[in-house]
Every structure is written in structure tokens, then in C-alpha cells.
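The structure under discussion appears below in the form of C-alpha cells.
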Amino acid sequence: AERIRTETQRTHNDTENSVFVAELLDGNLSAEGHVALIAQSWFIYDSLERVGRSYTGDPVVGPFLTDDLLRTPALEADLDYLIGADRRTTITPLRATVAYVERLEQVAAASPEAFLAHHYLRYLGDLSGGRIIRRKLERAYGYDRDGLRFYIFDEIPKPKPFKDSYRAKLDAAPLDPEQQQRTIDEANLVFRLNGALFDELAADLDRFRVLA
């Protein structure tokens, strides 16, 4: 767990400093910017969680799988609220999202250690930053619960003990040194995939930006 944290710090920081995310959390974008991010996230989590179901009982991945983490239902509830019941006909994946999903379904689906990297980055990131993001979006856009369910883990009221347990499972995972390194390498790639998505969203900032 400590190696993953330290050996992905650079790519993590690069992604965290995304212009799109900074502008969104500062309230400089319209609600359409938030909707765009939620929509692209749905494609990613739909794939991640479908692939995850194929690993039930796997000695590496199985211990990490829990319904308490699943985000697809929350994302769908947010999209229903933000867009309406016809959401599936009105959202399309960006090029960066397609590349992300292809990596999940072609590599992570065939490699437990690669899938573990995706699982770790998405869910521990959600648990670590989700509350902060939720508060900022509440202030910026006036949402309460609807529209922000993606960031709310009703079944995990205390994230710290959960995250500590997750990291202990990482330390105990039956991975040899080569598999550990592949997990770290994939984690760095996942950060870059996230960064590419934020960059593509940022290319449309003028459309999302709130006019003074």
C-alpha cells in the first residue's frame, strides 16, 4: 500500500491539478460541466463494476469486492436527476473515456493485478476526496443530496477504518514482486487515463464556463 502511494505520487499530483476539476470545484463552470463529468464517470464505473463481478472468488481481487463501494446506481440516480430518464440516449463517451474503458475491458479484465490498480485508484480516491468534493459542489451549485449521490457512501459512514482495512488487504494480497510492480505501473497508467479525460473536458471549458 505504501509503495503504491509513493510511486504514484507524481502522476497523482498531475491529475489532481487538472484545470477542469479546479474550475468546476471553484464554481467557475456551469452545472453542465458537472453533468459532463458525471456522465463520463458513468461509462467508467459501468465497465469497472461489470469487470469486477467476473472476479468474485478470485484470490487477489475477491477480498476487495463489496457492494458497499458500488457507484453505478448512485451515478444513474444523479444522471436521472440532472438529465432525466432519457439519460442513456443523451450521453456519449469522449475519446479519453473510450480509451479508459478499453483498458479496463481488455487488460484489467484479464489481469487481477491490473484490475486491482483500477479498483484502488477509483474507490479509495472517491472515499478520500469525495466528502471534500461534495461540500465544494454543494456550495458552488446548490445541490443537496440529489446530483451528488456519487460522492455519498451510505454504507461506509466512517471512511478511515474502511481505508485502513483496504490498505491492510493490499499488504496481504498474494502478489509476487513482479505482480506488485505491474499493479503500480497500472496505477500510474490509470492516473494518466484520468488526466486525459480531464484534459478533454478542459478543451470545452468555454462552453462550460459561467459568463460574468
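The values are calculated or read from the model by the stated rules, or taken from the named source; none is laboratory data. The shown structure was predicted, so the numbers you read here are calculated from the model rather than taken from an experiment. No Cβ is skipped: glycine too gets one built from the backbone with ideal geometry, and neighbour counts run over all protein chains shown. When the accessible area is computed, the model is the full protein with side chains, heavy atoms only, and any ligands, DNA or RNA have been set aside. Shrake-Rupley method; radii C 1.70, N 1.55, O 1.52, S 1.80 Å.
Here the accessible area of the stretch 128-187 is 48 percent carbon and sulfur, with a 1.4 angstrom probe and all protein chains present. Ellipsoid semi-axes for the stretch 1-68, based on the Cα gyration tensor and the rule √(5λ), read 29, 20, 8 Å when sorted largest first. Along its principal axes, the stretch 37-125 has C-alpha extents of 40, 28, 21 angstrom, given from the largest down.
With the Cα gyration tensor of the stretch 143-212 in hand, give its eigenvalues times 5 under a square root as the equivalent ellipsoid semi-axes, listed largest first in whole angstrom. Before the final figure, lay out each step's value.
On the way: eigenvalues 219, 106, 9 Å².
They are 33, 23, 7 Å, listed from largest to smallest.
Going 7 Å from the Cα of A99 along its beta-carbon direction, which residues of the stretch 186-212 have the amide nitrogen within less than 11 Å of the resulting point? Hits in the stretch 186-212 for A99 at 11 Å: 192-200.
Compared with the alpha-carbon gap, the fully stretched path from D154 to A172 is longer by 3.8 nm at 0.36 nm per residue. Listed peptides 166-179, 19-32 appear in the order 19-32, 166-179 once ranked by packing, highest mean of other Cβ atoms within 10 Å at the front.
Each of the peptides 155-165, 40-50, 54-64 was scored by the mean count of other Cβ atoms within 10 Å over its residues; in descending order, highest first, they stand as 40-50, 54-64, 155-165. Taking 13 Å as the cut-off, the amide N atoms of the stretch 52-78 that come nearer than this to a point 7 Å along the Cα-to-beta-carbon line of S165 belong to 63-69. Taking all protein chains into account, the per residue accessible area for the chain stands at 50 Å² (1.4 Å probe).
In this simple spin-label model, placing a label point 7 Å from the Cα along the Cα-to-Cβ direction at both T56 and R209 gives a separation of 4.9 nm. Counting only alpha carbon atoms, the long axis of helix 177-202 and the longest principal axis of the chain meet at about 10°.
Note on the stretch 35-83 and the stretch 134-177: Cα centroid distance 13 Å, given to the nearest whole angstrom. Taking the dipole about the Cα centre of the chain, with the C-beta of Lys and Arg at +1 and of Asp and Glu at -1, give me whichever of G27, G195, G62 is farthest to the positive side. The listed residue farthest towards the positive side: G27. Assuming charge only on the beta carbon of Lys and Arg (+1) and of Asp and Glu (-1), the dipole of the chain about its Cα centre is about 400 debye to the nearest 20.
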